[in-house]
Structure formats: structure tokens, C-alpha cells
Amino acid sequence: MAIRKNFPVVLPISLSRASGPSPTVPLPCVWPRAMRPPLAALYIGGTSGLVEQLWRDGLLPFRLVGGVRVALIEDLDDYLNSLEKKSGKLSDRHPVAATEARKLAA
């Protein structure tokens, strides 16, 4: 069985919250069972750094495949399911610092 290096579907999605043209990111039709940080991050809606931090903190298990750490899709699903569901306004946020910085820059 040959390993595909390129996914067959390309959809334009933004990887950042910045405005401007969105880069196109290849999205798999079927998610692989084991994912390296960039693809695992895309799957959970985070960043590669978040995936690596979850590994370091022991919140997300990993496997070694050819000496490379990968996250299994079921472990990513378990992590997402363990997060508390929220709705409404995010009370944990503190936008004051960002607001102050914008006021000073103006």
C-alpha cells in the first residue's frame, strides 16, 4: 500500500485569526489514525505548540512511530471530550491589557 503525501482535497481555511487572504490548507478526506503535531492541531482547532504542551503536561498521550511522537485520533477525541462545555460570554478572559495597548498605540 502506497502512502499518499498529498491529500486529495484542498479547501481554503484560515490558520490564524488575522485578516487578509487565507492560505489554502490540504484537508484529508479521512483523518489518519496517528497525527504529528501540525495535523493534530488542525484536528482539535489548536496549534502545534498546544499539542506539544499537552504532551509535556501529560494531558495528551502520544505514541512513538519511527522515533517520532504522534497523537492517536481517539486520544485527541478523548482530550476534546474531557474539556468543559461552555456557552455565553467568556468570563475567564481579561481583554483589558489588549485594550490598553491599543489605546496607547493610537
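Residues are listed down the side, and each one gets a yes or a no for (1) among the acidic types (Asp, Glu); (2) modelled with pLDDT under 90; (3) touching a Leu at 6+ places or on another chain (Cβ under 7 Å):
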residue: Leu39; (1), (2), (3): no, no, no
residue: Gly66; (1), (2), (3): no, no, no
residue: Asp78; (1), (2), (3): yes, no, no
residue: Asn81; (1), (2), (3): no, no, no
residue: Lys86; (1), (2), (3): no, yes, no
residue: Ala97; (1), (2), (3): no, yes, no
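Of all residues in region 43-73, which are part of a helix (DSSP H, G or I) and either free of Cβ contacts under 8 Å to residues at least 24 places away in the same chain or of a type in the set (Gly, Ala, Ser) (or both)?
Listed by number, the residues that qualify are Ser48, Gly49, Leu50, Val51, Glu52, Gln53, Trp55, Arg56.
Among the residues of region 38-56, how many are touching a Ser or Thr at 6+ places or on another chain (Cβ under 6 Å) and within 16 Å of Asp78 (Cα to Cα)?
1
The values are calculated or read from the model by the stated rules, or taken from the named source; none is laboratory data. All figures in this text were calculated on a predicted structure; none of them were measured in a lab. Please note: Cβ atoms are built from the backbone with ideal geometry, for glycine as well, and neighbour counts cover all protein chains shown.
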